[in-house]
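> Starting off with a structure, shown below.
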Amino acid sequence: MLCFLSFLPAQNNSDKQKVIDSLISTVDTYTDNYEKIRVLTSNAGQFRYSKDSRALIDKAISISKTNNDAKLFANSYYSLGNFFYYNSQLDSAETYLDKSISYVNDETMPFLRASNLMTKSAIYRKHGNIPLALATMLNSKRALDKIDTLKLDENQRRKFKGESSVLNNSLANYYNQMEEFDKASIYYKNAYKASLSLDSYVNAGIIISNEGEMLLNQGRYQKALTQFEKGKVLKEKGNAPMRFIMSSALNIGNAHSKLKNYDEALIFLKQAHDYYEKAGVTENLTIAKNYLGNLYFEIEKYDLAIENCNTAKDLALEAGNLELTSEACDCLSKSYKSTGSYNMALENYQLYTKTKDSIFNENNIKKQTEQEMEYEFNKTQELNAIELEAREKQSKLYSYLAASGLLLVLVLGFFSYRNKKQSITLAKQKKLLEASVDEKNVLLKETHHRVKNSFQIVSSLLYLQSESVVDKEAKIAIKEAENRVRSMVLIHQRLYNKDELVGINTQDYFNDLVRDIFESHQFESEVIKYQLNVESLVLDIETVTPIGLILNELIVNTIKHAFDKVTPKSKISIQFYKEAEQLVLKVIDNGKGFEGEIKSTSFGITLMKALSKKLKATLNYKSELNKGTEATLVINKYKLL
């Protein structure tokens with residue numbers, strides 16, 4: 001949650017306490033009670049609601065009780081709610097935010113309802129209640145939309161712009177979490193532009209850092225690092241508190257870790273970790289421990305990975321933060337698996353999937369769509385009501401000007417009403433049809449998500465089984481089964497993460513699949529190079545699933561049998577394109593080649609023949625000793641979307 005404030009320079013605890021004592025003494029000399037509350041609560045925010053700032057808020061509440069004034073209570077309780085939120089006491093935060101809302105008068109306090117609802121939305125998001133978080137956030141947006149900006153003075157307009165920027169950033173964070181990156185990107189850009197227009201460099205730095213996290217989620221690590229570094233510069237330009245600067249250090253360290261710059265990553269992550277531990281900032285300390293745990297996992301220091309992520313898990317569970325609990329369990333599952341502690345790995349993996357599904361389940365996604373539709377519908381209704389009110393006033397004016405015009409107005413009004421009624425009926429029918437389509441899309445999206453999770457669990461179980469099997473042949477067979485399952489996981493993962501719910505882009509899918517196959521099958525010091533030349537086509541799931549399985553078998557067979565010894569010249573080329581009315585898949589290597597026919601006794605060859613029949617395809621091999629092999633699959637039955 002962002003606050004648009006003029007931040008105080010970083011101070012040590014003794015200096016901070018002197019400032020707080022001085023502020024309390026100073027406000028006692030003021031005669032205007034509203035000014036007293038404004039100074040006390042705004043400075044509590046400038047101190048980022050640190051534990052020292054509680055004295056300022058308690059003073060504000062004391063003044064409010066003495067004067068028994070609703071406006072004073074509304075602002076003081078809002079400040080206390082934020083204090084508990086930033087100190088991870090979420091239940092207390094919600095209680096005092098509700099108290100603040102009960103005193104809010106929308107005429108005299110136009111922004112306060114929206115601000116309260118934004119903080120409440122952040123509370124629900126931390127609890128993992130995504131539909132309620134979105135509903136509350138959209139209610140906050142609705143409260144801002146109702147404000148008549150023409151009636152605001154210059155300062156109020158700046159505040160309105162700032163509040164809108166905060167809201168856009170919060171909505172962007174939500175859509176980033178839901179992996180709806182296009183929507184998130186739009187909101188981030190709007191929030192960033194608004195902050196720069198207000199010369200609010202700290203908030204601009206926070207927003208561009210949040211956009212960096214989105215890029216990180218998309219795997220665009222170098223671009224994310226650039227945004228994090230730019231965000232740090234903006235925060236420093238705005239004299240942000242050290243807590244904000246350390247947040248940038250945390251993000252920069254995580255980006256370096258993703259880029260495998262582990263030495264640089266460790267410097268930034270330890271710097272942020274030590275600061276948060278000393279300052280007692282629990283949530284950011286939890287994030288830092290998760291990042292450190294994942295870094296130690298990558299450099300194979302599994303004991304340190306387990307130590308950090310176990311602490312992160314305990315902190316996240318204590319705070320009731322499902323998102324951070326999920327990340328800690330994911331780290332622990334991988335680390336325990338690498339140390340051979342398969343029971344602990346499975347236990348943490350199950351908790352990881354459970355917490356992940358608690359955030360992204362069918363009801364949440366469905367409710368998200370309903371909330372978005374309800375917001376748009378209510379907004380349209382409110383605009384229609386305003387328009388109707390304006391027309392009624394205009395009608396009265398005409399009636400005063402000429403009695404003869406009244407009859408004409410009534411006749412026109414009758415026809416207008418009848419036409420409008422028909423339009424409303426049609427609009428409602430359209431809404432019902434759109435809702436029906438959206439609901440089916442949501443359920444289909446969730447089906448892909450569930451199938452992907454089921455395949456992932458099967459893949460994990462196969463991996464765990466392979467680790468405990470001694471027989472080499474059995475181990476290889478299980479590994480091959482795991483790869484086949486992985487090729488299907490990628491399909492449903494793409495269908496869940498993208499807007500196309502029934503089609504797969506071959507270029508994206510083949511890139512991911514081939515990369516996974518090569519990463520899991522290269523065991524020599526010298527790796528086999530590969531080249532991809534794939535035409536971008538969108539195929540239905542019934543077509544792309546068997547093609548993916550056949551491609552998996554062809555590449556694995558080539559890696560296993562084509563090269564007696566891998567050299568820098570060893571290379572495999574994969575081609576896929578549409579030729580006339582057929583699809584063509586080719587896997588070409590420059591290995592040792594072979595003479596005669598391919599033996600059809602293995603399960604892989606049998607599987608490819610069965611899948612080829614499903615596609616009405618022919619699979620042929622052309623090979624020459626010491627010059628390599630070309631496998632060609634020509635597909636006659638497919639569905640292009």
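> Would you confirm whether or not region 262-285 contains a residue that is surrounded by fewer than 21 Cβ atoms within 10 Å (Cβ to Cβ), closer than 23 Å to residue 223 by Cα and touching an Asp or Glu at 6+ places or on another chain (Cβ under 9 Å)?
Among the residues of region 262-285, at least one is surrounded by fewer than 21 Cβ atoms within 10 Å (Cβ to Cβ), closer than 23 Å to residue 223 by Cα and touching an Asp or Glu at 6+ places or on another chain (Cβ under 9 Å), which makes the answer yes.
> Taking only region 309-349 into account, find how many residues are under 23 Å from residue 121 (Cα atoms) and among the polar types (S, T, N, Q).
3
> What single numbered condition from (1) in contact (Cβ under 8 Å) with a residue 24 or more places away in the chain; (2) under 33 Å from the mean Cα position of the chain (by Cα); (3) part of a helix (DSSP H, G or I); (4) buried (at least 17 other Cβ atoms within 10 Å of the Cβ) fails to hold for residue 73?
Among (1) in contact (Cβ under 8 Å) with a residue 24 or more places away in the chain; (2) under 33 Å from the mean Cα position of the chain (by Cα); (3) part of a helix (DSSP H, G or I); (4) buried (at least 17 other Cβ atoms within 10 Å of the Cβ), residue 73 violates only (2).
> Across region 271-305, what is the number of residues that are part of a helix (DSSP H, G or I) and within 25 Å of the chain's Cα centre (by Cα)?
Number of matching residues: 21.
> So the check is Cβ under 6 Å with 6+ separation or different chains; which pairs have a first residue in region 630-641 that's in contact (Cβ under 8 Å) with a residue 60 or more places away in the chain and closer than 18 Å to residue 559 by Cβ and a second one that's of a type in the set (A, V, I, L, M, F, W, C) and part of a strand (DSSP E or B)?
631/587; 633/585; 633/617; 633/619
> Looking only at region 585-597, filter to residues that are out of contact with any Phe, Trp or Tyr (no Cβ under 6 Å at 6 or more places or on another chain) and surrounded by 14 or more Cβ atoms within 10 Å (Cβ to Cβ); which one of those is farthest from residue 529 (Cα to Cα)?
Going through the qualifying residues, I end up with 594.
> Of all residues being over 25 Å from the mean Cα position of the chain (by Cα) and either in contact (Cβ under 8 Å) with a residue 24 or more places away in the chain or not in a helix (DSSP H, G or I) (or both) in region 144-156, which is nearest to residue 175 (Cα to Cα)? Just the residue, please.
145
> When region 157-170 is examined, which residues are found to be hydrophobic (A, V, I, L, M, F, W, C) and either surrounded by 24 or more Cβ atoms within 10 Å (Cβ to Cβ) or in contact (Cβ under 8 Å) with a residue 60 or more places away in the chain (or both)?
Within region 157-170, 166, 167 meet the criteria.
> How many residues does region 98-124 contain that are over 14 Å from residue 70 (Cα atoms) and hydrophobic (A, V, I, L, M, F, W, C)?
The number of residues fulfilling the criteria is 6.
> Tell me the residue from 239, 254 that is polar (S, T, N, Q) and part of a loop (DSSP other than H, G, I, E, B), please.
The unique qualifying residue is 239.
> Additional query: Out of 105, 116, I need the residue that is closer than 23 Å to residue 72 by Cα and part of a helix (DSSP H, G or I). Which one?
Every option except 116 fails the conditions.
> Another question about this same structure. When you go through 79, 92, 62, 25 one by one, which is the residue that is touching a Phe, Trp or Tyr at 6+ places or on another chain (Cβ under 7 Å) and assigned to a helix (DSSP H, G or I)?
92
> Here is a further query. Anything in region 310-346 that is surrounded by fewer than 23 Cβ atoms within 10 Å (Cβ to Cβ) and assigned to a loop (DSSP other than H, G, I, E, B)? List them, or say none.
Result: 320, 339, 340, 341.
> Right, something else. If a residue has to be over 27 Å from residue 284 (Cβ atoms) and β-branched (Val, Ile, Thr) to count, how many in region 328-359 make the cut?
The qualifying residues number 1.
> Right, something else. Under 8 Å by Cβ, and 6 or more places apart or on different chains, what pairs join a residue from region 307-324 that is under 20 Å from residue 297 (Cα atoms) with one that is outside any helix (DSSP H, G or I) and modelled with pLDDT under 85?
From residues that are under 20 Å from residue 297 (Cα atoms), the pairs are 323/128.
> Given (1) modelled with pLDDT of 85 or more; (2) assigned to a helix (DSSP H, G or I), where does residue 199 come up short, assuming only one miss?
The single condition residue 199 does not satisfy is (2).
> Quick check on region 533-552. Is at least one of its residues in the same structural domain as residue 517 (by TED's automatic domain parsing), under 36 Å from the mean Cα position of the chain (by Cα), outside any loop (DSSP other than H, G, I, E, B) and surrounded by fewer than 13 Cβ atoms within 10 Å (Cβ to Cβ)?
Yes, the conditions are met somewhere in region 533-552.
> Identify, by number, the condition in (1) closer than 26 Å to residue 356 by Cβ; (2) in contact with a Gly (Cβ under 8 Å, 6 or more places away or on another chain) that residue 211 doesn't meet.
(2)
The values are calculated or read from the model by the stated rules, or taken from the named source; none is laboratory data. Please read all numbers here as calculations on a predicted model, not as lab measurements. Glycine also receives a Cβ, built like all others from the backbone with ideal geometry; neighbour counts cover every protein chain displayed.
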